[in-house]
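The values are calculated or read from the model by the stated rules, or taken from the named source; none is laboratory data. Computed from a predicted model, the values in this text were never measured in an experiment. Here the Cβ is made from the backbone with ideal geometry for all residues, glycine too, and neighbour counts use every protein chain on show.
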Amino acid sequence: MIDGLNMEEKQILLDHIDQIHTTKMGIDRIKRNLKLDNMDVDEDVVEYCKKMILSEKCMIFKQGKNWYCEIENIIITVNSYSYTIITAHVKK
């Protein structure tokens, strides 16, 4: 068990990495929260988040209906049913 989540559960999110997406509002929120305004293409924001989630340093845990992916000082929140990135923000 790693951080309260066994590897099989963590693997569920990783196995569905291609389904991860977000909404237009989500893109705007992520860009604002992570100060990624220099990204021209909205798809780059999703790819940036996927890259962070796939990192070996990323700690992933599920709480309720969401996955929380924590890497460095960033937390990415992904809905566990729809694989929608809800938000990403810098840890306080």
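Taken over the stretch 52-70, the criterion of being within 19 Å of Gly26 (Cα to Cα) and surrounded by 12 or more Cβ atoms within 10 Å (Cβ to Cβ) is satisfied by Met52, Ile53, Asn66, Trp67, Tyr68, Cys69, Glu70.
Among the residues of this structure, Ile27 does not count as one that is closer than 18 Å to Leu13 by Cβ, crowded, with 16+ Cβ neighbours inside 10 Å and not hydroxyl-bearing (Ser, Thr, Tyr).
Out of the stretch 39-92, which residues are touching a residue at least 24 places away in the same chain (Cβ under 8 Å) and assigned to a helix (DSSP H, G or I)? Within the stretch 39-92, Val46, Cys49, Lys50, Met52, Ile53, Leu54 meet the criteria. Taken together, Ile86, Ile2, Ile74 contain a single residue that is at pLDDT below 95 and in contact with a helix residue (DSSP H, G or I) (Cβ under 8 Å, 6 or more places away or on another chain), which is Ile2.
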